[in-house]
Structures are given as structure tokens and as C-alpha cells.
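Have a look at the structure below, then the notes.
The values are calculated or read from the model by the stated rules, or taken from the named source; none is laboratory data. The shown structure was predicted, so the numbers you read here are calculated from the model rather than taken from an experiment. In this analysis, Cβ positions are derived from the backbone assuming ideal geometry, glycine residues included, and neighbour counts consider all displayed protein chains.
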Amino acid sequence: MNKIILECKNLKKYFETPYGLLHAVDDISFTINEGQTLGIVGESGCGKSTLGRTILQLLMPTSGEVIFEGDHVEGKNKKEMLPYRREMQIIFQDPYSSLDPRMTVSQLIAQPLKIHKVYKDKNEMEARVSELMDTVGLADRYVNMYPHELDGGRRQRIGIARALALNPKFIVCDEPVSSLDVSIQAQVLNLMMDLQDNLGFTYLFITHNLSVVKHISDYIGVMYLGKMVEKCPSDMLFERPLHPYTQGLLKAIPVPSLGYKDKITNALKGEISSPVNPKPGCRFAPRCPEATEICTSEDPKFMEVESDHFVACHNWDK
Amino acid sequence: MEKTSENILEIKNLHIEYHSDGEIVRAVNGIDLNIRKGESLGLVGETGAGKSTTALAILNMLPKYTAEISQGEILLKGENVLKMKEKDLRKVRGSKASIIFQDPMTSLNPVYKVGYQIEEVLRQHSTKKMSNEEYRDEVGRILEMVGIPGSRQDEYPHQFSGGMKQRVMIAIAIACRPELLIADEPTTALDVTIQAQVLDMMRELKKEINSSVLLITHDLGVVASFCDSVAIMYAGEIVEYGTLEDIFDPEHKHHPYTDGLFGSIPNLIVKTDRLNPINGLMPDPTDLPKGCKFHPRCPVSTEACRNGDIPVAVDGTHKIKCILMKNMRKRNE
């Protein structure tokens, strides 16, 4: 069970902009074990989606390594990646724009099977499509419908069915429930967890919703401006957050219970700064309530400060 | 709670329909709401529950040719806004009641400076006549109130981040110190740390200008941190209504839909293996079920739920529109 399925080493993705280099993903390293879920949380613009796409080589990394089941996949082109696509899939964020409006549900789900020429026989393929629809909880009657005829929850199920079609081992889930209403969100989350239990998937689960990430993840990595600032088992993060950003983030979540009315949250001040040509030192320093001199001059290292608990902060123990 | 004289807003038996392609979309089906002076009411529900339609109706801003208010009245400080002439409505909008729209990215005009967009409200609705200089000062002061340096009034919306744009939207809404502030999902598009900043700021502002707030949201956490009372909306009806304590106390009885909403949120404090979501989907508003609108998805529905009128059970301030609540008592009694 403790087999490492994916490893990222010093992964970087920079974008060139007219104003300089945009550090979207900056020197991120982590591993995921088979069958586990690593949740990636962070606010908009922290680079979490870029991270997911860079791992899958949908965006070419600027430098660093991505090792999937022992094979280096970084820098592989489309053709070289094809065999890996069967193993590594993605569920996209927006079920409205990520489905071709001119394809029916069955065509959409069959598309990955066709690309990878899985079935020669048409009937076999149809059987697989209806099996997949059944797995994700889409009724048979939708088979010839177009995406615009379906609501967000059902469209997201098509996205999930497409990702499952090739029996992958590893799935990047890029905010798969963010655009859904809570009652539908809960249905989709339950589905994803059941699928993991039954089929043994490994997820990289990207989201900005901390309660969702806590619910689904074994480990959580917190990102801020392209850097991973903290990573540890899910429960530990909520019990003993060490990075000031994680602490601020947790404090900012509105809790749906009594006793929180008009409680001043002491919210983190300021906003995420520009990821273009970032200043030296800790990226969080300008907003950090505990920043000291060293924070603005030296990059904090991402260190294991206690068993299984990584943090990038100069003052974590103060 | 029911004392009329104090009520800023009273909605009585409001029904709203949209007409399209020969179909009738029943968006709001007989809701009653009251907001007293200084009170914050949270209106909670999922997409399509009729929350935003209700908000627009309060300022009589529903699309003219498709929407029809078929029944009911909306009293803003005792005056029925649905019977007002357009000329009089303009005096109400922005000054007595104003609205913060959901999406700050599209609600601001990209070709005007933000200062101008705030000034416009003052010029249209403020009773005070001011010189151009005084307008500038006033706009600067309003921007400071929402935490933006007054000097930034000469910038354009694209120069602001999402959180800042939402603050500008709030600045526009509070410019004339309205007695009722309608906030339609004011923080939904924002990140959590920015959401916390905006909520903290709205709390301060509320204290300062002592306005009543109708907060429309789908986030129960936001409601718990901000509101005095809560109305849960489903398919155009209010299924549960009461004080914050009535709705959030797990000891109380609740509408099955409210239970479903709470069961759908992953809990940060208690570890749960599985969520208990509501099965099924929202009903089609052109073809709403008979009887209780929630019965097709309700885990405890009975034959009686399928037909006829559903009575509202009342226990003090707590109201539940459910047939199974005939004698409302605490759950564990």
C-alpha cells in the first residue's frame, strides 16, 4: 500500500509575461502513495491548477522532475505521453466549458476509448459506456442527450466518467465540485470516495474549499503564490497548523454552527501579491503577522519539522 | 418580532412567475418575510430556489416583459413598492434600499472610473447638493469606509482585484446610507481570506450606518457568522424560518431539507466518513410537484405530503412548512 505512485521533484513552471517571469509553480516537491488522496488547497492565483496540469504535462514544466511509477514523464511530448494518459487522467473544474457541446453523452464518454483504440468491437464499447454511466450514476436515458440538456451535477458526472473510462491509476481532480450546489456537491464527493474505495484510485484533489479537502484527503498541501508552504496528514493540519498562512486560512472559514455570530475573525490583511518577478524571501511575508527580518531576505526551506509534517517558515517554532 | 411599526421590510404572500415560450416558471410561490430595523436576515437556498428573484422584486427591478408578480405585496417602510411609479421607485433605489450584486467582475462599468460610479449614486439619490470638490471628498470618504484608499477613486475597475471590486460594489450600495441593504451573494466569488475581510467590514459598516441587511447566500457558515434570523428557501417557498438559534440548534426539529443542507457540508470539526446529501435534484420550476415541493427528494415523506396544502407549524419564532411537524417539540423529547 505504501508504494509511491507519483513523485515531483523541484517542479517549476514559469510563464513569460511582458512584465517578467510569472512564477506559477515554484520549486514544489512531494510524493503520493498509491490509493491515497493528496489535497492541494490555496486561494485563486496560487498555482494549484497549474501544478495539476504541469504534472500531467498538459503544460510543459520549466524545470524539475515528475516521476510516475518510476518513469520520468517530464518534457515528454504528446505522442510520448499517450501511453501514460491511460494511467493519468484529469477531471476539469468547469463542467460547462470542458465538454464539447456538439457531442452526445455517449460520444463524450466513448471519446477516450476511441483515442486509445481500446475496443475493436462497437458493441463492446457501447457496453463499456453504459457501464461507466452506471458507475457514475447517470441514468441510461441520458445516453443521447447533449450537455446543454443536463444540469451541472450530471455534467460533472460525465467529466468523471471520461476520466474513469481508461481505468487510470492516478486522477488529478481540479476543483471538481466547486461549481456545484452543496447538495449536489455532496453527492459527487460521495461518488468519488466510493470509486476510490472500489477501484483504488490515487487522487490529487485541487480545491479552495477547506472543508471539502479535509473530508476527502489523506494528506493536504497548502500553496501560496506558487510555493508549497505546508504539507502534512489531513487531521494534523487542522489540529496543529504551523505556517501562519495556514493558520489564517483556517481562521477565515465561516463555521456553520452557533456561537460564531459577529466573531471578529482577525482576518489576514492584504491580498495575494503579484507572482511576476516575486521579491526574495518568503512569499507570504508581506501579509504575515509574524514576519521578521529574515523573512524578507531569505527563502524559507520546505523542511520536515516533525514526523510527516513539512513546513516552509523561518519562525514555525516561535 | 411581528410588530409592524418597526419593520423596514415586509413581504406578504409574494408570488412571482416568469413567462417564456408559453411555459410558466414559478420562481417564487407565496413567501412571507419581515426584516426589522437593524436586523440581518439570511436567505439561504440553492441555485434556482428563487433567492435572487426575491431580491430583485424588493426593488421592483424584475425584467418587465417576462416576469410577473401575480400576487402579494412588498412593503418597504410601509409603502408598497409594487404599486409605485417608476419616478418614485428611483427615489427609493439607492437611497432607502440598495443592492450589492453577486458578481463584481461584471456589475461595474469597465469604462468609468470607480470614483465616478460611486459619485453617480450620490448625484442621483442624495438629498444633499454638493460642489464637485465636495463630491470628490465624499467619494473618498466612502471608499475609506470599505477599506480602499480614497486616492484610488481615479482608477478603473480593471486595476482592482476581485476583493477590491466587491468593496467598490459595497461602496456604491452604501453611498446614501440606505436603511435596507440587499446583499446578493456578496462573497461567493471571493477567496476565504478576502471573504473574511469583507464580512468583517460589512459588520463594521452595519454598526456604523445601522441598516438592516438581507443577506442572500448558499453558505450556512456565512449566515452563522453574520445573521440574526434565517429563512431557508426551496423551490420558491420558505420551508423554514426563525432566529439563528432556531435554525442552527441541532436540538431543534428541522425541515428535512434543512437537515439535508447541513448533512451535505463536510464538517471541519467532526470527522465523517460519508456525507448525507439530499438525493435527486431541484424540481423543474415549470412543473413543480403537487403538495410539498420537497416530497420527491424527502427521505421521510408520506402519502399526505403529495397532495394539498402544507401547513406551517409554528413554535414561537420558529416556523417550519412541513406536515410532519404538527407538534413541534425538541427532537429528543
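Taken over the range A:175-190, the residue count meeting the criterion of being crowded, with 23+ Cβ neighbours inside 10 Å and either closer than 20 Å to residue A:115 by Cα or more than 12 Å from chain B (Cβ to nearest Cβ) (or both) is 1. Here residue A:106 meets each of (1) without any contact (Cβ under 8 Å) to a residue 12 or more places away in the chain; (2) in a helix (DSSP H, G or I); (3) among the polar types (S, T, N, Q) with one exception, condition (1). Is it true that residue B:120 is of a type in the set (Asp, Glu) and not in a helix (DSSP H, G or I)? Answer is no for this residue. In a residue-by-residue description of the range A:200-221, the property of being at pLDDT 90 or above and over 15 Å from the mean Cα position of the chain (by Cα) applies to at least one position.
Looking at residue B:198, is it in a helix (DSSP H, G or I), under 24 Å from the mean Cα position of the chain (by Cα) and within 12 Å of another protein chain (Cβ to nearest Cβ)?
yes
Taking the conditions exactly as written (surrounded by 21 or more Cβ atoms within 10 Å (Cβ to Cβ), within 26 Å of the chain's Cα centre (by Cα) and assigned to a helix (DSSP H, G or I)), does residue A:158 satisfy them or not? Yes, satisfied. Residues in the range A:268-280 that are surrounded by 15 or more Cβ atoms within 10 Å (Cβ to Cβ) and touching a Pro at 6+ places or on another chain (Cβ under 7 Å): A:273 alone. Close contacts from the range A:79-95, counting a first residue that is assigned to a helix (DSSP H, G or I) and a second that is crowded, with 17+ Cβ neighbours inside 10 Å and among the aliphatic types (A, V, I, L, M), with Cβ to Cβ under 7 Å and a gap of 6+ residues or different chains, come to A:81/A:73; A:84/A:73.
Assess whether residue A:48 counts as being modelled with pLDDT of 95 or more and of a type in the set (Lys, Arg). Judged against the criteria, residue A:48 is not a match. Under the condition of being basic (Lys, Arg) and touching a Lys or Arg at 6+ places or on another chain (Cβ under 9 Å), the residues counted in the range B:253-289 number 2.
I want to confirm something. Restricting to the range A:268-290 and keeping residues that are in a loop (DSSP other than H, G, I, E, B) and facing another protein chain (nearest Cβ under 10 Å), which single residue is nearest to residue A:24 (Cα to Cα)? Spell out the reasoning first.
Filtering the range A:268-290 down to residues in a loop (DSSP other than H, G, I, E, B) leaves A:268-275, A:277-284, A:288-290.
Still in the running and facing another protein chain (nearest Cβ under 10 Å): A:268-272.
Values: A:268: 22, A:269: 22, A:270: 20, A:271: 16, A:272: 13 Å.
Among those that are in a loop (DSSP other than H, G, I, E, B) and facing another protein chain (nearest Cβ under 10 Å), it is A:272.
All conditions in (1) in a helix (DSSP H, G or I); (2) touching a residue at least 40 places away in the same chain (Cβ under 8 Å) hold for residue A:176, with the sole exception of (1). Scan the range B:118-160 for residues that are within 14 Å of chain A (Cβ to nearest Cβ) and surrounded by fewer than 16 Cβ atoms within 10 Å (Cβ to Cβ) and the total you get is 2.
Filtered by the rule that a residue be within 14 Å of chain A (Cβ to nearest Cβ) and out of contact with any Leu (no Cβ under 6 Å at 6 or more places or on another chain), the range B:173-195 gives B:185, B:186, B:187, B:188, B:189, B:190, B:191, B:192, B:194, B:195. All told, residue B:235 falls short of being in contact with a helix residue (DSSP H, G or I) (Cβ under 8 Å, 6 or more places away or on another chain) and among the hydrophobic types (A, V, I, L, M, F, W, C). If the condition is being among the acidic types (Asp, Glu) and under 18 Å from residue B:258 (Cβ atoms), then the range A:181-201 contributes only A:181. For residue A:265, the criteria (1) within 14 Å of chain B (Cβ to nearest Cβ); (2) part of a loop (DSSP other than H, G, I, E, B); (3) surrounded by fewer than 18 Cβ atoms within 10 Å (Cβ to Cβ) hold in every case but one, which is (3).
Inside the range B:257-288, can you point out the residues that are farther than 15 Å from residue A:190 by Cβ, more than 25 Å from the chain's Cα centre (by Cα) and surrounded by 14 or more Cβ atoms within 10 Å (Cβ to Cβ)? Residue satisfying the conditions is B:268 alone.
Evaluating residue A:54 against the criteria (1) surrounded by fewer than 18 Cβ atoms within 10 Å (Cβ to Cβ); (2) at pLDDT 95 or above; (3) touching a Ser or Thr at 6+ places or on another chain (Cβ under 9 Å) leaves one unmet condition, (1). Scoring residue B:97 on the criteria (1) in contact with a Pro (Cβ under 8 Å, 6 or more places away or on another chain); (2) loosely packed, with under 13 Cβ neighbours inside 10 Å leaves a single failure, condition (2).
In the range A:226-253, the residue that is farthest from the other protein chains (Cβ to nearest Cβ) out of those that are surrounded by fewer than 24 Cβ atoms within 10 Å (Cβ to Cβ) and closer than 19 Å to residue A:175 by Cβ is A:234.
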